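One structure below.
The values are calculated or read from the model by the stated rules, or taken from the named source; none is laboratory data. Because the structure is predicted, anything quoted here is derived from the model rather than measured. Cβ placement follows ideal geometry from the backbone for every residue including glycine, while neighbour counts extend to all protein chains displayed.
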Amino acid sequence: MEEIKIRKKDLISIVQNVESFTNPKIQLEQYTIDAVCAVDIIFFAGFEFNDIKNRFIFDMGSGTGRLSIASAFLNAHTIISIDLDANALKILQKNINFLELENVIFPLCCTVENLEIKKEKLPKDLKITTIMNPPFGIQKEHADRFFLKKAFSISDVIYSIHIANQKVQRFFKDFAKRRHWEVDYILPYNMVLEKAFPFHTQSRKNINVDVYRFLKK
């Protein structure tokens, strides 16, 4: 695929106009990340640290693929978009087809726990970046930890979004250290979630999150 050059505001418009969840599942904590937030986070990874261009990307818990799509337009080598919800991945595939990104983004329906990657089968010089907006653990306690454990086993660098909290920061620093990783950077961010369920009273909700950059020691 030819290298794409795109302005940030144009990418936000593209991401904003792709199809999102039609029937989100609360038990999977399926909230749609706002387009501006998705692009901000991928630009942070791509331009502050050069962790997107020509990288092999895993998007864990991809949903309908806003982070995947933003990564594709920042010239990722290959993106594997992983989600256990087949319906979400069908929507992602429609978005892929519409944007003609079939040679870059590849949806994969499976649980994070069942994901098996043989890194030795990949080119040795190909760096792996994992991006993820995991469940915060509201519906299933510690759900975000399963995502991180798997990411630690396959990645060179990880970007992960978690609720902003000093206690949570201390936990993840220790969690990473015990697995020979480290928290290299924490980006405080005010993330916007779009209305997903009938009981939501606001069309958009702002929540304070931290975007973690984890590096292997």
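Going by what's in this entry, would residue 72 be described as within 24 Å of residue 210 (Cα to Cα), in a helix (DSSP H, G or I), in contact with a Lys or Arg (Cβ under 6 Å, 6 or more places away or on another chain) and not aromatic (Phe, Trp, Tyr)? Spelling it out, it is not the case that residue 72 is within 24 Å of residue 210 (Cα to Cα), in a helix (DSSP H, G or I), in contact with a Lys or Arg (Cβ under 6 Å, 6 or more places away or on another chain) and not aromatic (Phe, Trp, Tyr). I need a count of the residues in region 58-84 that are closer than 21 Å to residue 119 by Cβ, touching an Asp or Glu at 6+ places or on another chain (Cβ under 9 Å) and surrounded by 21 or more Cβ atoms within 10 Å (Cβ to Cβ). The qualifying residues number 9. Taken residue by residue, region 117-125 has no member that is assigned to a loop (DSSP other than H, G, I, E, B), within 19 Å of residue 160 (Cβ to Cβ) and either charged (D, E, K, R) or in contact with a strand residue (DSSP E or B) (Cβ under 7 Å, 6 or more places away or on another chain) (or both). On the stretch given as region 17-57, residues that are of a type in the set (A, V, I, L, M), surrounded by fewer than 20 Cβ atoms within 10 Å (Cβ to Cβ) and either within 16 Å of residue 160 (Cα to Cα) or at pLDDT below 90 (or both) total 2.
Residue by residue, here is whether (1) part of a helix (DSSP H, G or I); (2) within 19 Å of residue 212 (Cα to Cα); (3) touching a His at 6+ places or on another chain (Cβ under 8 Å) holds:
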{"residue": "52", "(1), (2), (3)": "no, yes, no"}
{"residue": "58", "(1), (2), (3)": "no, yes, no"}
{"residue": "64", "(1), (2), (3)": "no, no, no"}
{"residue": "68", "(1), (2), (3)": "yes, yes, no"}
{"residue": "80", "(1), (2), (3)": "no, no, no"}
{"residue": "113", "(1), (2), (3)": "no, no, no"}
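Condition check ((1) surrounded by 13 or more Cβ atoms within 10 Å (Cβ to Cβ); (2) under 30 Å from residue 19 (Cα atoms)) across all residues:
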{"residue": "96", "(1), (2)": "yes, yes"}
{"residue": "99", "(1), (2)": "yes, yes"}
{"residue": "115", "(1), (2)": "yes, yes"}
{"residue": "123", "(1), (2)": "no, no"}
{"residue": "134", "(1), (2)": "yes, yes"}
{"residue": "156", "(1), (2)": "yes, no"}
{"residue": "161", "(1), (2)": "yes, yes"}
{"residue": "177", "(1), (2)": "no, no"}
